[in-house]
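Presented below is the structure to which this report refers.
What follows is calculated from the coordinates using simple rules that are stated; it is not laboratory data. Everything numeric here is computed off the predicted structure, so don't read it as measured data. Cβ placement follows ideal geometry from the backbone for every residue including glycine, while neighbour counts extend to all protein chains displayed.
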Amino acid sequence: MSTLLDVRDLHVEFRTRDGVAKAVNGVSYTVHAGETLAVLGESGSGKSVTAQAIMGILDSPPGRVTGGEILFRGTDLLTMGRPERRRVRGDRMAMIFQDALSALNPVLTVGRQLAEMFTVHRGMSRKDALGKAVELMERVRIPAARQRAGDYPHQFSGGMRQRIMIAMAMALGPELIIADEPTTALDVTVQAQVMELLAELQRELRMGLILITHDLGVVADVADTIAVMYAGRIVEHAPVHEIYRRPAHPYTKGLLESIPRLDRKGRELYAIKGLPPSLLAVPSGCAFHPRCPLARPVCATDEPPLYQVGPGRGSACHFWKECLGER
Ligand code: SF4
Ligand code: MG
């Protein structure tokens with residue numbers, strides 16, 4: 001598999017009135033063509049900020065990349081000029097957000113918005129572009145696509161709107177799609193359908209997909225690899241089946257235990273005690289130690305490196321063997 005995206009030792013800081021928040025603190029991950037990487041973590045873990053840095057849409061200031069590289073097909077996006085970066089963002093990568101209603105233009109019909117991708121970026125005539133728009137709407141299975149192309153975003157259900165967002169993201173045939181909590185706002189059953197559609201298109205078009213979520217439950221069937229983030233770092237990364245079978249980090253274990261069941265609607269994390277730390281005051285040593293059921297004195301003083309715990313697997317826990325049950 002060819003390497004599409006290679007994030008290396010990325011650092012992102014936010015300047016706030018109360019000090020500098022290290023939102024991303026040395027994150028590295030790789031996405032191959034045709035591969036799905038799920039990035040998991042609670043809010044404030046740095047998963048969205050990493051994505052924004054990749055897309056080049058960090059609010060700057062206050063957000064700023066302070067170190068690292070983001071190699072896209074071998075070229076560092078961080079050293080690219082603005083016009084070139086914009087071209088890459090328009091043509092070769094696309095992002096899907098949680099809230100389709102605010103990401104879509106409320107005063108343009110969806111057909112027109114989709115068509116604009118082709119008139120603006122591909123120089124197509126309006127008529128041809130509208131034809132492409134309808135094709136895309138059919139592809140994401142919007143019933144009666146031709147008629148519905150004349151409707152406005154608010155006339156669609158949440159699930160249908162998210163399908164339209166997927167169509168927008170796919171329109172120009174990107175190599176990489178980043179989906180940030182794409183189904184969080186939807187009902188559980190609709191969530192599964194939208195996730196299935198996204199996974200299906202990703203496979204068909206052999207795109208790289210970064211799926212950002214706080215919910216381990218939604219990624220089991222679609223991800224190849226999982227990176228778990230906590231307080232701006234990756235604390236565990238592994239092939240998806242490994243992580244479900246035998247997590248090598250107590251935080252991942254906690255997340256697994258808090259997977260919501262289909263009969264419950266709540267999607268918050270209940271099993272892990274306490275709250276994620278403020279990025280202005282990240283705990284010493286292992287940042288997870290105040291919440292960790294396995295913590296020992298060393299955890300409060302020594303920051304764990306990302307130990308190699310198996311082929312393609314890493315865990316930033318001093319006691320990963322114990323966590324795996326190999327003591
Ligand atoms: Fe828990 Fe210590 Fe491992 Fe951190 S290093 S996850 S505090 S056991
Ligand atoms: Mg987020």
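Some points to look at:
- Residue within segment 124-141 that is more than 16 Å from ligand 2 (Cβ to nearest atom), within 30 Å of Val7 (Cβ to Cβ) and in contact with a Pro (Cβ under 8 Å, 6 or more places away or on another chain) present: no
- Test: residue in segment 175-189 that is more than 21 Å from Met55 (Cβ to Cβ) and among the β-branched types (Val, Ile, Thr): yes
- Within segment 92-146, helices (runs of 4 or more DSSP H) holding 1 or more residues that are among the basic types (Lys, Arg) and over 23 Å from the mean Cα position of the chain (by Cα): 110-122, 126-139
- Test: residue in segment 231-238 that is over 15 Å from Thr36 (Cα atoms) and among the charged types (D, E, K, R): yes
- Scanning segment 139-162 for residues that are hydroxyl-bearing (Ser, Thr, Tyr) and in contact with a Leu (Cβ under 6 Å, 6 or more places away or on another chain) returns no hits.
- Qualifying position, being over 27 Å from Val218 (Cα atoms) and either crowded, with 21+ Cβ neighbours inside 10 Å or hydrophobic (A, V, I, L, M, F, W, C) (or both), among Leu58, Leu37, Leu5, Leu71: Leu71
- Residue selected from segment 270-307 under the condition over 20 Å from Ala23 (Cα atoms), out of contact with any His (no Cβ under 7 Å at 6 or more places or on another chain) and of a type in the set (A, V, I, L, M), by the criterion nearest to ligand 1 (Cβ to nearest atom): Leu294
- Residue list for segment 110-161, restricted to those being closer than 22 Å to Arg87 by Cβ and of a type in the set (Phe, Trp, Tyr): Phe118
Residue by residue, here is whether (1) of a type in the set (D, E, K, R); (2) under 25 Å from Asp91 (Cβ atoms); (3) touching a Gly at 6+ places or on another chain (Cβ under 7 Å); (4) within 16 Å of ligand 1 (Cβ to nearest atom) holds:
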position	(1), (2), (3), (4)
Ala145	no, yes, no, no
Gly150	no, no, yes, no
Gly158	no, no, no, no
Glu175	yes, yes, yes, no
Asp187	yes, no, no, no
Arg203	yes, yes, no, no
Arg206	yes, yes, yes, no
Leu209	no, yes, no, no
Ala231	no, no, no, yes
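- Top-ranked residue in segment 308-320 [being touching a residue at least 12 places away in the same chain (Cβ under 8 Å) and surrounded by fewer than 17 Cβ atoms within 10 Å (Cβ to Cβ); ranked as farthest from ligand 1 (Cβ to nearest atom)]: Gly312
- Here Thr36, Thr16 are screened, and the one residue that is under 29 Å from Ala199 (Cβ atoms) and not hydrophobic (A, V, I, L, M, F, W, C) is Thr36.
- Residue tally, condition basic (Lys, Arg), free of Cβ contacts under 8 Å to residues at least 24 places away in the same chain and in a strand (DSSP E or B), over segment 59-84: 0
- Boolean, Glu84 is away from ligand 2 (no atom under 13 Å from the Cβ), of a type in the set (D, E, K, R), surrounded by 17 or more Cβ atoms within 10 Å (Cβ to Cβ) and under 30 Å from Leu201 (Cβ atoms): no
- Matching residues, segment 199-223, being touching a helix residue (DSSP H, G or I) at 6+ places or on another chain (Cβ under 8 Å) and without any contact (Cβ under 8 Å) to a residue 40 or more places away in the chain: Leu205, Val218, Ala220, Asp221
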